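Have a look at the structure below before the remarks.
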Amino acid sequence: MAPRAALYVAFFGAIAARSGSAQASPTTPDPATLRRSSFTWTQAEIEFGFGHWDAVFPTRPVPRGTRVRPLPAGKPLAALLPGTPGGEELERFIANEKVAGLIVLQDGAVRLERYALGHSASGRWTSQSVAKSVTSTLVGVAIKDGFITSLDDPVTKYVVGLRGSPYDSVTIRQLMTMSSGVKWNETYTDPTSDIARFYVDPVTPGMNATVSYMRKLPREAPPGTKWVYKTGETHLLGVLVAAATGQRLADYLSARIWAPYGMEQAASWSIDRTNDELAGCCLQAALRDYARFGQFVLDEGRIDGRAVVPDGWFEEATRRRFDTTYPDRGYGYQWWTLDGGAFAGFGIHGQLLYIDRSRRMVVLTVVVNGSVASSHTRSSSSSAGTGRPFAASRHSSTASSLVVNGRRRPARTATRRAGSRLRSACSRVAGSGEAARRPRARMRATSSPKSNGLGR
């Protein structure tokens, strides 16, 4: 990705697809009225609920440790300083696009940090599907710790409740890439879809809620041949990690990453009807700690000089393994891979964790995008398969275009003009070549498959 797009993708491209800027209600919603599917929330309810998720839904704490990893102040982005044309454009962008918070790290230092809509550095924001990338990382940690032997192990080696189901022939790697071949419908606005029924269908007595639902799904393709976006399968990865380690997912995250890396605040993780973490969504954390997690990824999963994931893990996890319906976006191990070498975690309604190794840059934005249209899956004879994840949540990882319901169309005129001016400001940030001169970070040599569990 060109240097001028590195910041613009976060400030504008990731959310420019919104067709309008809804106005927040002056009344603070009552958490009790929000205890229903967040897919049905209004704009005002999202603005409140996403920043107060723990007051609405049950969660499990992710304790922080005794030390805090500093985020030193870096050189401000001169082209976006207050009083400059770029700074004024940034202010309009934050207001018009309902940005609740954004932070930019480069080389571990904060170059830009802003909050709006009543949110601040002391608050927390729900991750939605950005949590998938955290769950993927915990699989890597469990391999490093020896709890999981290999990504090519069958899922049923660890999740015995799936035995006798279509998951009998599915490997962990296929869960990680959402290529199990098990049928799933992620249409958020359809009450009969799997993503909707998952949270309300009766749970088999004595069984984990995720396993209870997922084991009943039919097969539609051979394992490893078709990619379809499936939140339920990330939930299964969480069940698998918990079973393999014998620890709650929130506790394992705290013990192996959150506390030792030095996160500033405790986090929380949503739990389901059987009190297990919903690994595919809904980690609640401070924006600065999401940014620290991005820095942890840039640091190759090393804490105090010691790796907590296998050598080469993030290089493997963020390699494009399947195509998606977005021509500029592929899928790895629960990470979206972007043209140009960057990668990201996306969450419905406007969460983005964008990481660019070559520029040692982490960008975190949270945006209030109140619309949820249909998300569909379509079959394909291609070995990579196709799907349309988050078509309606309107996340776009490109600076020049957007995706609405699976197709590209121009942004509205005012937003396009704003984006053009902001893109110019960001290009001036990189104009000195400071970002472009940074060499791509070299990954350490990967150990043999037998020693690190990564396989091919």
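The values are calculated or read from the model by the stated rules, or taken from the named source; none is laboratory data. What you are looking at is a predicted structure, and each value in this text was computed from that prediction instead of being measured. Note that we place each Cβ from the backbone using ideal geometry, even for glycine, and neighbour counts take in every protein chain shown.
Brief remarks follow.
- Evaluation of Arg219 against (1) crowded, with 18+ Cβ neighbours inside 10 Å; (2) more than 20 Å from the chain's Cα centre (by Cα) (one fails), failing number: (1)
- The residue pairs whose first member lies in segment 337-354 and is free of Cβ contacts under 8 Å to residues at least 12 places away in the same chain, whose second member is not in a strand (DSSP E or B), and whose beta carbons are closer than 8 Å, counting only pairs six or more residues apart or on different chains, do not exist in this structure.
- Only one of Pro29, Pro70 that is outside any helix (DSSP H, G or I) and loosely packed, with under 14 Cβ neighbours inside 10 Å: Pro70
- Total residues in segment 307-330, condition over 25 Å from Phe147 (Cβ atoms) and in contact with a Pro (Cβ under 9 Å, 6 or more places away or on another chain): 3
- Any hit, segment 76-97, residues being of a type in the set (Ser, Thr, Tyr) and out of contact with any strand residue (DSSP E or B) (no Cβ under 8 Å at 6 or more places or on another chain): yes
- Verdict on Val297 being part of a helix (DSSP H, G or I), closer than 15 Å to Ser133 by Cβ, touching a residue at least 24 places away in the same chain (Cβ under 8 Å) and among the β-branched types (Val, Ile, Thr): yes
- Unique match (being over 30 Å from Arg36 (Cα atoms), of a type in the set (A, V, I, L, M, F, W, C), touching an Asp or Glu at 6+ places or on another chain (Cβ under 8 Å) and at pLDDT 95 or above) among Val297, Val309: Val309
- Glu300 being surrounded by fewer than 21 Cβ atoms within 10 Å (Cβ to Cβ) and more than 29 Å from Pro205 (Cβ to Cβ): yes
- Residue match in segment 192-207 (condition: of a type in the set (Lys, Arg) and in contact with an Asp or Glu (Cβ under 7 Å, 6 or more places away or on another chain)): no
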